[in-house]
Amino acid sequence: MYFWMSCLAMGVSVSLLLRFCLGPAVTGSRPGHGPRYWLPRMAWPWILALSLVCKAFLPWRLRQTLERAVRLAGLDPVVWPPERIVAAQCLAALTGSLAGWGTLFFCGPITNPMAAVYPSALLGLMCGLWPRLALRERMDRRRREMLREFPFLVDMTTLCVEAGLNLHGALELAAKNIPDNPLRQELRYALADMRAGMPRLEALDDMARRTDLPALRQWVTAITQADRLGMSLGPLLRAQSEQRRVERFQRAEKLALEAPVKMLFPLVVCIFPCTFLVIGFPIALKLSGALS
């Protein structure tokens, strides 16, 4: 029992350590540089060395999946190619396995080496998942931020177009006035492509593909159809703005309805036992006193 409790404590501690070490290494990087935190920078040379080995054994399907995840997470693909993500996973798994062996060795003599292999391998597998989980967490958080700010972008663009500006000028003004968020960065990238000579609709289509938001893709598709058919942009953008606000309200309503279900587990596991203990302890004392 002591052996398995020590394994559990070791797994939680090493997992949390890797979460705060390799997690910022995946999520906090500067364009063209490595991670900006000093503790992940200590692991950066090992990641670079392991990436040379992982590059030769990386399947193309996994490479495409990781490239898409890095793009959606907003990371620099030069800093984080797929082989470095896999190298970070291998380093985390190796660190977890070695920490498992070391902890079991210091807890006491290992009579059966095979009994220590399974907990160490399981711990290594758990730790190896942390870089991918950190990447997925950043990707989901970035998508939520863009989805939350997208209705404001549509409203700002609609007001500018209805005031007399063309679409390019409306997008320029919206990029200056919306809050700083990933959607604003993607819009600035699209405007920079337009200034570099890329066609406007192609730059907007690239922005929709980079963000991978269905709402943004529908908005770009509507603008493309209006431009090809010669329709007026004002009523079309107004309808898109109203639809985006309705979708935002529906998402908020959905999250509000999900809140009681998410609170059920903490209530049953944490709050209800404490409540019953506080209420039942005086009653138990009085019953034991009366019976004695």
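Could you do me a favour and compute the accessible area per residue for the stretch 206-292, 1.4 Å probe, result in Å²? Can you show the working numbers first?
Values: 6250 Å² over 87 residues.
Solvent-accessible surface per residue comes out at 72 Å².
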In nm, to one decimal, how far is the modelled label at E247 from the one at L264, with both set 7 Å along Cα→Cβ? 2.9 nm
Counting pairwise Cα distances across the stretch 180-228, what percent come out greater than 14 angstrom? 49 percent
Roll a 1.4 Å probe over the protein chains and send me the accessible area per residue for the stretch 47-201 in Å². 53 Å²
On each of the three principal axes the extent of the alpha-carbon atoms of the stretch 131-202, given in whole Å and largest first, is 47, 26, 17
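Sorted by average packing, counted as other Cβ atoms within 10 angstrom per residue and highest first, what order do 249-259, 53-63, 77-87 take? It would help to have the intermediate numbers written out before the result.
On the way: 249-259: 10.0, 53-63: 12.2, 77-87: 20.3.
Top to bottom by mean Cβ count within 10 Å: 77-87, 53-63, 249-259.
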For the stretch 133-292, give the magnitude of the charge dipole about the Cα centre (Cβ charges: +1 Lys/Arg, -1 Asp/Glu; no others), in debye to the nearest 20. 420 debye
Could you check the simple spin-label distance between L125 and S292, using points 7 Å along Cα→Cβ, in nm with one decimal? 5.1 nm
Need one word for the stretch 64-222: rounded, prolate or oblate. Basis is the Cα gyration tensor (sqrt eigenvalues a ≥ b ≥ c); a/c below 1.5 gives rounded, then a/b vs b/c decides. prolate
Average the reciprocal distances over every distinct pair of alpha-carbons in the stretch 158-292, invert the result, and give the Kirkwood radius in Å. 19.2 Å
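The values are calculated or read from the model by the stated rules, or taken from the named source; none is laboratory data. What you are looking at is a predicted structure, and each value in this text was computed from that prediction instead of being measured. In this analysis, Cβ positions are derived from the backbone assuming ideal geometry, glycine residues included, and neighbour counts consider all displayed protein chains. To get the accessible areas, we keep the full protein, side chains included, count just its heavy atoms, and leave off ligands, DNA and RNA. Shrake-Rupley method; radii C 1.70, N 1.55, O 1.52, S 1.80 Å.
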